[in-house]
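Reviewing the structure listed below.
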Amino acid sequence: MILLERLLANVPADFRKAKQPEKALALVRFAAAAKPAFGKRESAHWKRAKAALRRESFDKCVYCESPTATVAHGDVEHFRPKSLYWWLAFCYDNYVFACQICNQSFKGNQFPIAAKAMAAPKKPASSAKTARLAFAASLAPAADDEPARKHFWKRCDAEKAWLLDPYREDPERWIAWSSDAVLRETRAVPIPRSPKSKRIVQVAEEILGLNREELLRERFLRWSMIDTLLAVATENGLSKSVRQRTLDEIARLQAADQPYAAMMRFFVRQATNTSKQLRNLLAPGT
């Protein structure tokens with residue numbers, strides 16, 4: 001996982017203030033049903049966010065960083081599950097772009113938190129339209145309503161979720177990586193001597209399958225590339241052009257649009273911490 005940014009300029013009109021009452025009232029009607037269950041009618045709302053979310057995540061699953069463009073369509077994933085937080089079902093700030101394996105095969109409706117869960121909005125006692133509109137406005141912030149978004153995130157932060165939201169917290173602060181050349185696998189591991197990191201990685205393993213066998217193999221192949229390039233970069237006798245091409249490729253593999261960028265960045269940082277030559281070669285402006 002890498003830190004992502006909400007590209008508000010690309011947010012569809014459906015999730016802006018002008019359209020928010022309409023969408024929120026649809027949720028009010030949904031919640032008022034005898035047996036509310038999300039179906040095609042409701043999913044049509046969040047599917048309109050898919051293209052923008054895909055751009056924000058560089059066509060990768062926000063959780064495992066695997067490319068989805070060539071192997072799967074990907075899902076609009078409700079970070080806080082809609083079955084537990086029904087009032088956030090149409091909230092753009094609650095959406096991420098995820099592969100079907102992370103979302104459907106693993107995460108599902110799981111959402112472990114360390115504190116008290118936010119309370120569901122209380123339904124209005126009156127059926128008057130003004131009461132329903134006021135209730136609807138309290139459900140979730142519009143993507144272009146910054147004060148409401150700040151209040152919303154304050155409520156979210158109070159839950160102390162163990163699953164990292166890549167739009168809110170930099171995953172690279174908490175997840176380290178380890179490669180095993182014998183087993184030919186690269187695994188997400190905790191930062192040493194960090195209880196919080198240990199719990200975060202445990203949750204990522206259990207709820208997202210972050211160390212599932214397929215990922216271990218794919219990440220090892222990418223690690224082999226960066227490890228080879230780091231070794232070549234410090235070889236004596238390289239021509240200036242070949243060394244520069246090697247350094248350019250190391251930089252490219254760490255870019256946000258590349259698979260497993262967080263892992264690649266970790267191993268580059270690790271290599272530069274132990275090699276002054278690499279540190280000088282990779283320093284900005286050299």
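The values are calculated or read from the model by the stated rules, or taken from the named source; none is laboratory data. Fair warning: this is a prediction, and the values are worked out from it, not measured in the lab. All Cβ positions, even for glycine, are placed from backbone atoms using ideal geometry, and neighbour counts span all protein chains on display.
Here are the numbers:
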| item | result |
| --- | --- |
| Positions within segment 79-107 being small (G, A, S) and either modelled with pLDDT of 95 or more or within 21 Å of D59 (Cα to Cα) (or both), in sequence order | A98, S105 |
| Only listed residue being within 20 Å of S57 (Cα to Cα), outside any loop (DSSP other than H, G, I, E, B), in contact with a helix residue (DSSP H, G or I) (Cβ under 8 Å, 6 or more places away or on another chain) and of a type in the set (K, R), chosen from R243, R279, R222 | R222 |
| Options D93, D75: the member that is buried (at least 17 other Cβ atoms within 10 Å of the Cβ), without any contact (Cβ under 8 Å) to a residue 40 or more places away in the chain and of a type in the set (D, E, K, R) | D75 |
| Any hit, segment 214-228, residues being surrounded by 13 or more Cβ atoms within 10 Å (Cβ to Cβ) and over 21 Å from L183 (Cβ atoms) | no |
| Counted residues, segment 169-195 - those being without any contact (Cβ under 8 Å) to a residue 60 or more places away in the chain and not in a strand (DSSP E or B) | 11 |
| Qualifying residue in segment 45-61 (condition: farther than 26 Å from P171 by Cβ and more than 20 Å from the chain's Cα centre (by Cα)) | yes |
| Selected residue [in a strand (DSSP E or B) and either within 17 Å of A142 (Cα to Cα) or in contact with a Gly (Cβ under 7 Å, 6 or more places away or on another chain) (or both)] from F97, F90 | F97 |
| Any hit, segment 196-208, residues being more than 18 Å from the chain's Cα centre (by Cα), in contact (Cβ under 8 Å) with a residue 24 or more places away in the chain and either within 20 Å of E172 (Cβ to Cβ) or part of a helix (DSSP H, G or I) (or both) | no |
